[in-house]
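Let me begin by presenting the structure, written as structure tokens, before commenting on it.
The values are calculated or read from the model by the stated rules, or taken from the named source; none is laboratory data. Fair warning: this is a prediction, and the values are worked out from it, not measured in the lab. Please note: Cβ atoms are built from the backbone with ideal geometry, for glycine as well, and neighbour counts cover all protein chains shown.
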Number of protein chains: 2
Amino acid sequence: MAQLPKHLSGDQTAINEFLDKFDVFLLDCDGVLWSGDHLFPGTVETLELLRSKGKQVVFVTNNSTKSRAEYQKKLTSMGIPSSVDEIFGSAYSSAIYIARILKLPPPKNKVFVLGESGIETELKSEGIEFIGGTDPAYRRDITPEDYKGIADGSLLDDNVGIVLAGLDFHVNYLKLSHAYHYLARGAKFLATNLDSTLPNNHAFFPGAGSISISLVNMTGQQPIALGKPSQAMMDSIEGKFQFDRKRTCMVGDRLDTDIRFGIEGKLGGTLAVLTGVSKKDEWEAEGAPVIPAYYVEKLSDLRG
Amino acid sequence: MAQLPKHLSGDQTAINEFLDKFDVFLLDCDGVLWSGDHLFPGTVETLELLRSKGKQVVFVTNNSTKSRAEYQKKLTSMGIPSSVDEIFGSAYSSAIYIARILKLPPPKNKVFVLGESGIETELKSEGIEFIGGTDPAYRRDITPEDYKGIADGSLLDDNVGIVLAGLDFHVNYLKLSHAYHYLARGAKFLATNLDSTLPNNHAFFPGAGSISISLVNMTGQQPIALGKPSQAMMDSIEGKFQFDRKRTCMVGDRLDTDIRFGIEGKLGGTLAVLTGVSKKDEWEAEGAPVIPAYYVEKLSDLRG
């Protein structure tokens, strides 16, 4: 039988041993620190405790529409002190991956973006050239001239070597047509993340993965995903922080993304919290595919 | 070994026997009658021959953006005489399926349309109520009020019982959000057709199946498809023409859609033409999944 996770809540000795094992904590946000607009009590104090013990804290989110600076504003608005350097979103993850890992030789290293300004900001921060994105020239209906120019290539940029598909609230037929033709001409296919839905107003709306799936359907290709649980995101985080994986713990509420991300990344530990999507019976079930190493009812239980 | 198709070209006895076996010919168009803007020589005369022998001719197309009347204009512009009653497109197929086969009890039988005017025209022809489609109210960016009203249902129509997804050149985040929420609330999921791409200017662009795939990805549901090779389309054709399947032959250039459509529909015969996508070696290959009953190099070979 698989080893069940160690329960830390209320066990000060176990909490101390747990905290001593790690130097870095990768923290999922929604479902861990807050839910929707509701900040969980004790979140700020728990983060203070970790920082006071010299731990590196990294907020890891699949949200691709916000840059780190924008996401930091969100953390501030929730009352959580943070610095931009502590934030790692899938837009930034994509930029790091393109600039520091993929490293396509110029000039054929331009990116066609299907997504919002957060992606553009992060690509700029890594000095990556791009087209598409929020450019109003692509926010319109397709015309007969577009069909012709896309088909014969005269309207395509020969230097595009990458298509990066994220969540695009302005997705349209023209952008999908451009993205498809770049892929058909051999561009690398990346996706910020593959979440099929996005929570909003306590309901679900189309997520980044439900945009890129159109391109998957047309090309038969799967993108390299730069969000959890893809290990390309872990590589990106490591590309920036150079941390020791054995001294790092992933904290999250979802077994299939957060905890799986930590386990497949061979981190020293994973901590599940019960304030979000996954429940205890998921890992207690016979043949549970993903079992965290530790769990607490809520993040603030780490304060003892 | 599977039976290879009978080759009819140049064999007048075989052609006569073939023609005598059928009363109805279901004809795919692009790749059979024409290619792009190029009408194949002898197409008009071959259709005249079939009609002179009292055969019923039906033009069967997966194109969902055009109504039958619009498609008839296209046939006329190609120089092909036809009547609206001889045309069967996937938009009309969907309308027939909804009105004559699905028959949801009112009032919860309204359709949310993701698609163009061809679908709307055909739904109207069958007296089906619908929303969405080409309504300008849906051709815009999503707003915070939309998120709220879609999430709490106040912006949704309680009488929508069906989501019909076709090719929508104006697809956007707002429409996908509406469609998803109707499906999440239990609406039936139909698709005019599942073609992943659409030929245009001798290149490929997103097809109807690359629009509906976003909803498949979000809901985990597969739609009932009303285009070839789906048998729901055959049921729709039968719902209108009441033909004898054993006396009907499907003619097409694609084994995986046209010929498969005819075989799975248990028609009396299938005729492949070599003027389109599929080539002879496809059915000659070991373990070929789809083998037509007859083939000709080109449709006009039927003139002998």
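A few notes on this one:
- Among the residues of the stretch A:152-174, those identified as within 10 Å of chain B (Cβ to nearest Cβ) and touching a residue at least 24 places away in the same chain (Cβ under 8 Å) are A:GLY153, A:LEU167, A:ASP168, A:PHE169, A:HIS170, A:VAL171, A:ASN172, A:TYR173, A:LEU174.
- B:LEU156 being under 22 Å from A:THR197 (Cβ atoms) and not assigned by TED's automatic domain parsing to the domain that holds B:LEU39: yes
- The listed residues are A:ALA208, A:ALA179, A:ALA191, and the only one of them that is surrounded by 24 or more Cβ atoms within 10 Å (Cβ to Cβ), closer than 16 Å to B:PHE204 by Cβ, of a type outside the set (Val, Ile, Thr) and assigned by TED's automatic domain parsing to the domain that holds A:ILE96 turns out to be A:ALA179.
- Spans of helices (runs of 4 or more DSSP H) in the stretch A:153-251 with at least 2 residues touching a Pro at 6+ places or on another chain (Cβ under 8 Å) and closer than 22 Å to A:ASN109 by Cα: A:173-184, A:209-219
- Taken together, B:LEU47, B:LEU27, B:LEU19 contain a single residue that is farther than 20 Å from B:GLY276 by Cβ and either hydrophobic (A, V, I, L, M, F, W, C) or touching a Pro at 6+ places or on another chain (Cβ under 7 Å) (or both), which is B:LEU19.
- Note on the stretch B:211-230: among residues that are among the small types (Gly, Ala, Ser) and either within 12 Å of another protein chain (Cβ to nearest Cβ) or under 20 Å from B:TYR173 (Cα atoms) (or both), the one that is surrounded by the most Cβ atoms within 10 Å (Cβ to Cβ) is B:SER212.
- A:GLY287 passes every criterion in (1) without any contact (Cβ under 8 Å) to a residue 60 or more places away in the chain; (2) surrounded by 22 or more Cβ atoms within 10 Å (Cβ to Cβ); (3) more than 13 Å from chain B (Cβ to nearest Cβ) apart from (2).
- Single residue of B:ALA191, B:ALA203, B:ALA187 found to be at pLDDT 95 or above, within 14 Å of chain A (Cβ to nearest Cβ) and within 29 Å of A:ILE211 (Cβ to Cβ): B:ALA191
- Within the stretch B:81-100, the residues that satisfy the criterion of being out of contact with any helix residue (DSSP H, G or I) (no Cβ under 6 Å at 6 or more places or on another chain) and either of a type outside the set (S, T, N, Q) or assigned by TED's automatic domain parsing to the domain that holds B:ASP168 (or both) are B:PRO81, B:ASP85, B:GLU86, B:ILE98, B:ALA99.
- Matching residues, the stretch A:231-263, being among the charged types (D, E, K, R), free of Cβ contacts under 8 Å to residues at least 40 places away in the same chain and crowded, with 16+ Cβ neighbours inside 10 Å: A:GLU238, A:ARG260
- Meets criteria (closer than 23 Å to A:ASN172 by Cα, within 11 Å of chain A (Cβ to nearest Cβ), of a type in the set (Val, Ile, Thr) and surrounded by 22 or more Cβ atoms within 10 Å (Cβ to Cβ)) for B:VAL113: no
- Residues satisfying the stated conditions in the stretch B:222-262, i.e. β-branched (Val, Ile, Thr) and out of contact with any strand residue (DSSP E or B) (no Cβ under 6 Å at 6 or more places or on another chain): B:THR257
- B:TYR180 being of a type in the set (Phe, Trp, Tyr) and over 24 Å from the mean Cα position of the chain (by Cα): no
- Residues satisfying the stated conditions in the stretch A:62-115, i.e. β-branched (Val, Ile, Thr) and closer than 24 Å to A:TRP34 by Cβ: A:THR65, A:THR76, A:ILE80, A:VAL84, A:ILE87
- Of the residues making up the stretch A:125-138, those that are surrounded by fewer than 14 Cβ atoms within 10 Å (Cβ to Cβ) and either on the phi < 0 side of the Ramachandran plot or assigned to a helix (DSSP H, G or I) (or both) number 3.
- Checking A:GLU284 against (1) out of contact with any helix residue (DSSP H, G or I) (no Cβ under 7 Å at 6 or more places or on another chain); (2) at pLDDT 95 or above, the condition it does not meet: (2)
- Selection status of A:ALA225, modelled with pLDDT of 95 or more, among the aliphatic types (A, V, I, L, M) and closer than 18 Å to A:VAL277 by Cβ: no
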